[in-house]
Amino acid sequence: MKKIAVFCSGFGSNLQAIINAVKRGGVKADIAFVLTDKVDAPALVRARKAGIPFMYVDPDDFKDRLAYDKYVAGQLKKRNIDFVVLAGFLRIISPYFVRKFKNKIINVHPALLPSFKGVHGIRDAINYGVKVTGVTVHFVEEELDAGPVILQKAVNVRDDDTQDSLAQRIHKVEHMLYPLAVKLLVENRITVKGRKVRIK
Ligand code: GAR
């Protein structure tokens, strides 16, 4: 069974959705490791409850991003991790790490990329006044939020939406789409050619 590592900085609801999908048997993956850069990330509690090995790696303990990522890569190697799943991991990944795990790192983003990149995808979509936004799952490349798109799903923006109400509907879609992407990944059903992703 393929081993995945999930990286989180916060709440961990996407981690939970993946844990649940694995438990239900829909996703045949071994969540072998959870890593966080935030000591108080609720995601760690979810990992502990699920009996998944987890680790807090403090960015302040490293001289730069490369040193941090080399340490993390070592931890993944030790655990024979096949794929890295970013789930609300709000740290930029170094080119070193991206090259080491080429087409093996995925991310979920709360907007239809290439619109509304960055850490405020939901707020930025509301402020822009778009009528449709959504969720994107994509491979991670060196440029932020710019890797090949694996899955996307649209979410309509309502006239009376607040950031919170829209976030709720976006998260619901994420919790369906992201476990599906993990399933496709661990079943080797995704191929990438340039920017084009095909799903078998
Ligand atoms: C998710 O909505 C994810 O799309 C977003 O962070 C949230 C994490 O929630 N990621 C980004 O904005 C990446 N640019 P979670 O911790 O509850 O899974």
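Could you go through the range 93-111 and let me know if any residue there is among the β-branched types (Val, Ile, Thr) and part of a loop (DSSP other than H, G, I, E, B).
We begin by selecting, within the range 93-111, every residue among the β-branched types (Val, Ile, Thr); these are 93, 98, 105-106, 108.
Checking which are part of a loop (DSSP other than H, G, I, E, B) leaves us with 93.
Scanning the range 93-111 turns up at least one residue that is among the β-branched types (Val, Ile, Thr) and part of a loop (DSSP other than H, G, I, E, B).
Take the range 1-40 and flag every residue that is farther than 18 Å from Phe101 by Cβ, more than 9 Å from the ligand (Cβ to nearest atom), touching a residue at least 24 places away in the same chain (Cβ under 8 Å) and part of a loop (DSSP other than H, G, I, E, B). Answer for the range 1-40, where residues must be farther than 18 Å from Phe101 by Cβ, more than 9 Å from the ligand (Cβ to nearest atom), touching a residue at least 24 places away in the same chain (Cβ under 8 Å) and part of a loop (DSSP other than H, G, I, E, B): Met1, Gly26, Val27, Lys28, Lys38. Taking the criterion of being within 16 Å of the ligand (Cβ to nearest atom), over 18 Å from Ala29 (Cα atoms) and not small (Gly, Ala, Ser), the residues of the range 62-96 that qualify are Phe89, Leu90, Arg91, Ile92, Ile93. When Val132 is tested against (1) closer than 26 Å to Ile19 by Cα; (2) among the β-branched types (Val, Ile, Thr); (3) more than 12 Å from the ligand (Cβ to nearest atom), just one condition goes unmet, and that condition is (1). Let me confirm something: among Leu86, Leu66, Leu90, which residue is within 23 Å of Leu144 (Cα to Cα), modelled with pLDDT under 95 and of a type outside the set (Lys, Arg)? It is Leu90. Remark: Ile52 falls outside the filter, which requires a residue to be within 16 Å of the chain's Cα centre (by Cα), in a loop (DSSP other than H, G, I, E, B) and away from the ligand (no atom under 14 Å from the Cβ). Entry remark, the range 71-87: residues being touching a helix residue (DSSP H, G or I) at 6+ places or on another chain (Cβ under 6 Å) and among the small types (Gly, Ala, Ser) number 2 in total.
How many of the residues in the range 97-129 are β-branched (Val, Ile, Thr), near the ligand (Cβ under 10 Å from one of its atoms) and buried (at least 17 other Cβ atoms within 10 Å of the Cβ)? Total meeting the criteria: 2.
The values are calculated or read from the model by the stated rules, or taken from the named source; none is laboratory data. These numbers were taken from a predicted model, which means no experiment stands behind them. Glycine also receives a Cβ, built like all others from the backbone with ideal geometry; neighbour counts cover every protein chain displayed.
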